[in-house]
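Just so it is clear, none of the values below were taken in a lab; they were calculated from the coordinates. All values derive from a computational prediction rather than experimental measurement. Glycine gets a Cβ as well: all are built from the backbone with ideal geometry, and neighbour counts include every protein chain shown.
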Amino acid sequence: MNKVETALAVAAAAPVGRSLWADARRRLFANRAALLSIVVLVLMVLLIVLGPMFSPWTYDYIDFDGIWRAPPQTEGMHFFGTDQLGRDLFVRTLVGGRISLMVGIVATLVSLLIGVAYGATAGYFGGRIDGLMMRGVDILYALPFMFLVILLMVVFGRHLVLIFVAIGAINWLDMARIVRGQTLALKNREFVMAARASGVSNGRIIRRHIIPNLLGVVMVYVTLTIPQVILVESFLSFLGLGVQEPATSWGALVNEGARDMDAAPWALIFPATFLAVTLFCFNFIGDGLRDALDPKDR
Amino acid sequence: MLRLALLRFASAVPTLLLLLVLAFFMMRAAPGGPFDTERSLPPEILAKLEQAYHLDEPLWKQFARYIGGAVQGDLGPSFQYSDFTVNQLILQGLPVSLRVGLGAMVLALFVGCAAGIVAALRHNRFSDYAVMTLAMTGMSIPVFVIAPLLILLFAVTLGWLPAGGWQDGGLRDMALPVVALALPQIAILARLMRGSMIEVLNSNYIRTARAKGLATRTVILRHALRPALMPVLSYLGPASAGIITGSVVIEQIFGIPGIGRYFVQAALNRDYTLVMGVVVFYGTLIILFNFLVDMLYGVLDPRVRAE
Amino acid sequence: MTLLDVRDLSIRFKTPEGVVQAVEGLSFALAQGGTLGIVGESGAGKSQTAMAVLGLLARNAKVSGSIRFEDRDLLKLPESQLSKLRGNRIAMVFQDPMTSLNPYLRVEVQLGEVLERHRGLSRSAARAESLRLMQAVHIPDAAQRLRSYPHELSGGQRQRVMIAIALACQPALLLADEPTTALDVTVQAQILRLFAELKKDFGVAMILITHDLGVVAEVCEHTMVMYAGRAVESGATQTLLNAPAHPYTRALLEARPRIDTPLTDRLLALRGQPPNLLQLPPGCAFAPRCPIAVDVCTQSVPALRSIETAHLAACIRV
Ligand code: SF4
């Protein structure tokens, strides 16, 4: 029965004439989980970017006299303790976070670029070209990509750029499907047709109707893809196929930490917490964004 | 129905072929060969070896040979475990992997769907928020973090369950790996189930069912459950892929002698045929499973069935 | 004898945007076997009124007033009692036959379950009775159609199935919410004829909700026009059609498709938007769109008063 009430509410609120975005923002900020996640994520990014400056250690400094120091180590300034090579885990966790976040963002942008171009083309042309292009996507969709990516890493070695490309290449399929669907739907929507019929210019239609509508799904998609990508990267790193030592990422740190977790649980717990919290935030923000932009009762 | 089967089949075959081509050529494009060991072999032995493995033939011929073998179910010899063929290695690990994988799948389906239904029926109340928060947590903690934490808690601290290994493959051996493998899928399934259940409960035909004065139990069990399960059904394909991928890590962490563990070792040892064999085997399995799920979907949805 | 007596019914929805006033101070009565048409634009509160009678309002609804049906106040009945009335003494037909039937269940299940639930029929008895009902609503090949899934039926046939389900337990009251809106014009006429016929054969009282005065003219003895959750005019259908008193009723009548008036004149008759239910304008809710509004109109809500025998209107200028 909730459809009735939402329909009523929407119908009733419509004439007030608040813009789509103002509405969406208000709904997003009314969502406490999403709001909190945004705050935490901003703090996380600040910490990752600036944190290492406040430590006397570097991520690759090896100190065999100071291995496996338990936190909190305030005199030694090892806030999160040290690992099996005496490297400072505070700095390593933050620097690993830089890599994880960077992979997440860059690879998502790669998939965004491919996906939008492909999906928009298919949706714009429609008809047979669309059918053919989407059949291609269907075929690729069923591939067990994770295995191919692992194969790729095994064969070509561990390269940061390769990770971007490999992960980006997996995720563009979703984006292509979403963008194509939206483009197709938007082409024939009443408000676009109505705007066209009443002589609104093409540019204005695109600005007022197409872009805001596409932008919404793309934003939701991006926030939900970044955590997925971070997860894939950490998965690869965990298998020892991610970034090359001494550089590190959260996945690699968790891998190392898990090996010696009964002796030095902190080496597992700190990077694992950072990873989980970050994924948590992204997922909450993505969910919140989706609900805010598409207030279907979920 | 037959048309649907043919249609699905027509898109499964190119997927499979593509998988074979990608796997094969990616492997061959690799710098170096499988016999580049630290102490280099005398050239004549190397040549013999290459001849034995048909590595001296042109690439297309090797590919044809591999496809020919793969179609007949022969995935070639392993480079690393030189006494075994890839088939033998996979068959050895299969029963173990199957038990863990199926166990996780069944657990995920039951717990995930039940949690999702509860959340949907208690929409916007405490139990809904609780389930959804837990599900979000499950989605945000990777398998390889959950697994060590489970070991830390149940094996190291409480000492209730073994930290790993595979004694008799009984419940004690299976408990932790299965739970670790299932948790992320439970989270995803619960969210999916809740969303589709809420949508169905808001649908016009449920309004009709309630207007008929049916008991709430009848409305939910007879009218809402089946349509709400359909999206879950179509997620089974990706879920199986997720579980298989996850099993690679889980088997590694828990020291379970399944296919996944071979895969990681083979990858690290550059045992190309074994790596590729596993990719092809699991890939085929996933594609086959997707195909079956599609067909099942067709059987269960009267609208699709009619086509 | 009075079958349904609605007194001072108000329905409000609490939404994040504020309180939506869907129905306000609505009173009407319906005699046994009588027919009432409720007319208005979407959002006038027609459907919510019907849902209130069925006890199926959304969870965030707040209802006050009383709905007496067969001498019981439905608003005070517990859900267990209500569900025994629904589909039994009170039945409803919805607007969209395409989505109102469960796509996963055969027609015989969806029809038979009402008989099993309310009349306690066995499965086989229910099947025989279903067949009879399908024939009563003139579905050809009834036996075969019972085995069909909804998607195998045409829109008109599906609506007939919905009507068969509604009539299954010989209800005293049938609520029909825009039962013909989603159908083709020719099918619409057929379904309306079916309603007229069923009214005669089954003696069921009917509330027909529609935005189309033409539909009401064909089926209903009495008509109530609603605007922004309130009744603005009610009376015998013929009186309302021939001598509409309220400016809104007049506008509705003029907006009806007719051949003798040019299109532009018709569209002019009902200009402007339905009001925002979150913030109703002060005084008469129709004032912003009313062609004969005067200053006093915005001062207080005009009461529904008798302007001649059995003809009520809520407008200070009649
Ligand atoms: S009360 Fe005034 S505004 Fe309302 S209908 Fe009558 S004349 Fe028009």
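What the table below lists for this structure:
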{"item": "Helix runs (DSSP H) in chain C reaching 15 Å along axis by Cα, Kyte-Doolittle at least 0.0", "result": "C:155-167, C:185-202"}
{"item": "Residues B:Ile141, A:Ile114 arranged by fewest to most Cβ contacts within 10 Å", "result": "A:Ile114, B:Ile141"}
{"item": "Signed unit charges on C-beta, dipole axis of chain B, positive-most listed residue B:Val232, B:Pro142, B:Val96", "result": "B:Val232"}
{"item": "Likely footprinting exposure, B:Tyr66, B:Tyr282, fewest C-beta neighbours within 10 Å first", "result": "B:Tyr66, B:Tyr282"}
{"item": "Whole-angstrom gap from the stretch A:209-272 to the stretch B:202-275, using each part's C-alpha centre", "result": "22 Å"}
{"item": "Acute angle (nearest 10 degrees) that the helix B:272-300 long axis makes with the longest principal axis of chain B, alpha-carbon atoms", "result": "30 degrees"}
{"item": "Local electrostatic count at C:Glu178 - Lys and Arg +1, Asp and Glu -1, tallied over other residues with Cβ under 9 Å", "result": "-2"}
{"item": "Angle in degrees between helix B:43-52 and the longest Cα principal axis of chain B, rounded to the nearest 10", "result": "50 degrees"}
{"item": "Computed over the stretch C:99-168, Cα set: Rg, Dmax in Å", "result": "10.7, 30"}
{"item": "Net charge over other residues, Cβ less than 14 angstrom from the Cβ of B:Ala10 (K, R count +1; D, E count -1)", "result": "+1"}
{"item": "Square roots of five times the Cα gyration tensor eigenvalues for chain C, Å", "result": "35, 22, 18"}
{"item": "Residues C:Lys199, C:Lys46, B:Lys48, C:Lys76, sorted so that the one with the fewest Cβ neighbours within 10 Å comes first", "result": "C:Lys76, B:Lys48, C:Lys199, C:Lys46"}
{"item": "Highest to lowest packing among B:15-24, C:135-144, scored as the average C-beta count within 10 Å", "result": "B:15-24, C:135-144"}
{"item": "Degrees between helix B:171-201 axis and first principal axis of chain B (Cα, 0 to 90, nearest 10)", "result": "50 degrees"}
{"item": "For peptides A:145-151, A:195-201, sequence by mean Cβ density within 10 Å, most packed first", "result": "A:145-151, A:195-201"}
{"item": "Peptides B:143-154, B:291-302, C:293-304 ordered by average Cβ neighbours within 10 Å, highest first", "result": "B:143-154, B:291-302, C:293-304"}
{"item": "10 Å Cβ neighbours from other chains, averaged over peptide B:180-189", "result": "0"}
{"item": "Computed [θ] at 222 nm, deg cm²/dmol, chain B (DSSP H ≥ 4; -39,500 (n - 2.57); rounded to nearest 500)", "result": "-24500 deg cm²/dmol"}
{"item": "Where Rh is the Kirkwood radius over Cα pairs, Rg/Rh for the stretch B:96-268", "result": "1.07"}
{"item": "Reduced Cα scattering model of the protein assembly as shown, Debye log10 I(q)/I(0), q = 0.06, 0.09 Å⁻¹", "result": "-0.55, -1.05"}
{"item": "Furthest towards positive pole of dipole, B:Gly195, B:Tyr205, B:Val279, structure part the stretch B:172-307, Cβ charges", "result": "B:Tyr205"}
{"item": "Alpha carbon centroid spacing (whole Å) that separates the stretch C:16-33 from the stretch A:92-112", "result": "56 Å"}
{"item": "Assigned charges on the beta-carbon of Lys, Arg, Asp, Glu; the stretch B:229-307 dipole about Cα centre (debye)", "result": "80 debye"}
{"item": "Beta bridges per DSSP with both ends in the protein assembly as shown, % antiparallel, nearest 5", "result": "65 percent"}
{"item": "Length released on extending from C:Ala31 to C:Val19, taking residue separation times 0.36 nm less the Cα-Cα span", "result": "1.0 nm"}
{"item": "Shielding of B:211-221 by partner chains, average beta-carbon count, 10 Å", "result": "6"}
{"item": "For residues of B:234-241, the mean tally of beta carbons on other chains within 10 Å", "result": "1"}
{"item": "Charge tally in the Cβ shell below 10 Å around B:Gly258, where Lys, Arg are +1 and Asp, Glu are -1, B:Gly258 excluded", "result": "+1"}
